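Participant: Below you'll find the structure I mean.
The values are calculated or read from the model by the stated rules, or taken from the named source; none is laboratory data. Note that the structure is predicted; figures quoted are calculated from it, not measured. Neighbour counts are summed over all protein chains in view; Cβ atoms, including those assigned to glycine, are modelled from backbone coordinates with ideal geometry.
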Amino acid sequence: MFLLDSMIKLRSKLLKCRFAIINSTSKSYHTRRTPPRRPASEPPPRPSRLLQRNPIPFIDDLKQTHDPQHLLSLFHDYRKMGFNHYYPSYSSLIYKLAKSRNFEAVDTLLACLKTYNVHCRETLFIGLIEHYGKCGLVEKAIHLFREMKESFNCVRSIQSFNTLLNVLVENGRHCEAYDMFKGSWKLGFRPNSVSFNIMIKMYLEKGEHERARQVFDEMLEREVEPTVVTYNSQIGFLCKRGEFEKGKSLFEDMVRKGTKPNEVTYALLMEGLCFLGRYKDAKKLMFDMEYRGCKPKVVNYGVLVSDLGKRGKIEEAKSLLVEMKKRHIKPDAAIYNMLISYFCREDRAAEAYRVLVEMQIAGCKPNATTYRMVVDGFCKAGEFEEGLKVFNAMLMSGHFPRTETLRSLVMGLFDCGKVDDAYFILEEMAKRKKMFDFESWEAIVKDSCTCDKAFNNHITEIVSSN
């Protein structure tokens, strides 16, 4: 207890010293000085944005605090030392708390904003509504949208309206989204292209193309200019259903009305052609798009690689990577993952691993999916030691496999007699509080019975700790 009190006092003293130093430097910065003379022809220098704003010690410390439990205590510590929190402090802390899903603490800070009558920008509430939506807290998002005007005296714009509308659609609250969209005029908003795009997306996700088309027609009637997103969502829907000609007709209408297609537009048309087995036409379209003023991007090559992989033409798919490099188009993780997936599917784990190495050499960072597929590929091929090497590389990159992958690897290492390696994986799982289900543990314990007694004791320790 004495040690804990000493640590708290030391931290408080350090914060006070830091606060005092920054205050003293900010005061000295505002000291009046006589500027040096310069020639009349020389324009006055523009002040740096960094010099115009004094650093805020609380925000600096907040950026370095990674433990969500300490965020709110840091806020209160500064207040006890006499530091006055203004909007930048509140907004920075609220964003960080929302990101860590500590919404109880967010509610506490929102109450503080009301109590101290802190003027807030709309961007703060837009960010919070988005976070609520991602976590399925739709009622809190609706309540905050209402409170923006009533309790925080913050002017709501079409941006916050669209944010809530999208949250309703993303969470399947379609009837409420429809009512909100139709009642937009009563709320004082004039729907823009983003509002209409959200509604079109909603109907297309439900498979109701006619309703989506009605929203599109209403958009034109109200003289709201359609965007490339408006057209892309409908073209994509039609092409995925095999209705390429209808998608192409909409594409031509789009061009005729002056909306310029982008690489995604062409990728959607290419997908439609591939869906109909017209790979050559899809590839030709990719080259034709350049003549129309739109350069091919990774997404266009991704359509071709995906189609070739599905048809087992992996070598031809790999040749597209060479073509991309010649055209100075850098493949992304999605492209490499497609190739790795197809190699693993055909029990060619060693070649999948080579693609992983090529990917790293090319400067493309593998993601968790990349590593998982290669580990699974080696496990499927019975090459568990190779899988362990990739597992170690995965740990070094900050990723961790799913329990299904871990079970295959651990069981395989047992069968190979690599007891220490299997135990190493179980230890890493214990550190991260990852657990197998009962069936998996039962299988592992059965295998461990054939191993030495020391290892059997280790298994017992891990099982009891979980």
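Participant: Is the range 122-139 home to any residue that is of a type in the set (Phe, Trp, Tyr), in contact with a Cys (Cβ under 9 Å, 6 or more places away or on another chain) and outside any loop (DSSP other than H, G, I, E, B)?
Facilitator: The answer is yes, given that some residue of the range 122-139 is of a type in the set (Phe, Trp, Tyr), in contact with a Cys (Cβ under 9 Å, 6 or more places away or on another chain) and outside any loop (DSSP other than H, G, I, E, B).
Participant: Identify, please: which residue in the range 397-409 is under 15 Å from residue 431 (Cβ atoms) and hydrophobic (A, V, I, L, M, F, W, C) and is, among those, farthest from the chain's Cα centre (by Cα)?
Facilitator: Among them, the one singled out is 406.
Conditions (1) within 23 Å of residue 413 (Cα to Cα); (2) of a type outside the set (D, E, K, R); (3) surrounded by 15 or more Cβ atoms within 10 Å (Cβ to Cβ), marked per residue:
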site: 320; (1), (2), (3): no, yes, yes
site: 325; (1), (2), (3): no, no, no
site: 332; (1), (2), (3): no, no, yes
site: 338; (1), (2), (3): no, yes, yes
site: 345; (1), (2), (3): yes, no, yes
site: 351; (1), (2), (3): yes, no, yes
site: 355; (1), (2), (3): no, yes, yes
site: 374; (1), (2), (3): yes, yes, yes
site: 379; (1), (2), (3): yes, yes, yes
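Participant: Shifting gears a bit: Select from the range 98-152 the residues that are among the aromatic types (Phe, Trp, Tyr) and more than 15 Å from residue 166 (Cβ to Cβ) and list them in ascending order.
Facilitator: Once the filter is applied, which keeps residues that are among the aromatic types (Phe, Trp, Tyr) and more than 15 Å from residue 166 (Cβ to Cβ), the range 98-152 yields 103, 116, 152.
Participant: OK, next. Identify, from the list 429, 411, 435, the residue that is farther than 15 Å from residue 379 by Cβ, hydrophobic (A, V, I, L, M, F, W, C) and either part of a helix (DSSP H, G or I) or at pLDDT below 75 (or both).
Facilitator: On the way: 411 fails: farther than 15 Å from residue 379 by Cβ; 435 fails: either part of a helix (DSSP H, G or I) or at pLDDT below 75 (or both).
Step by step, each of 429, 411, 435 is checked, and only 429 is farther than 15 Å from residue 379 by Cβ, hydrophobic (A, V, I, L, M, F, W, C) and either part of a helix (DSSP H, G or I) or at pLDDT below 75 (or both).
Participant: To continue, here is another question. Name the residue, out of 167, 229, that is out of contact with any His (no Cβ under 6 Å at 6 or more places or on another chain) and surrounded by fewer than 21 Cβ atoms within 10 Å (Cβ to Cβ).
Facilitator: Testing whether each residue is out of contact with any His (no Cβ under 6 Å at 6 or more places or on another chain) and surrounded by fewer than 21 Cβ atoms within 10 Å (Cβ to Cβ) leaves just 229.
Participant: Can I ask one more? Filter the range 391-432 for residues that are more than 27 Å from residue 357 (Cα to Cα) and without any contact (Cβ under 8 Å) to a residue 24 or more places away in the chain; which is surrounded by the fewest Cβ atoms within 10 Å (Cβ to Cβ)?
Facilitator: Among them, the one singled out is 431.
Every residue, every condition in (1) of a type outside the set (Gly, Ala, Ser); (2) part of a helix (DSSP H, G or I); (3) within 23 Å of residue 360 (Cβ to Cβ), yes or no:
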{"position": "393", "(1), (2), (3)": "no, yes, yes"}
{"position": "405", "(1), (2), (3)": "yes, yes, yes"}
{"position": "417", "(1), (2), (3)": "no, no, no"}
{"position": "424", "(1), (2), (3)": "yes, yes, no"}
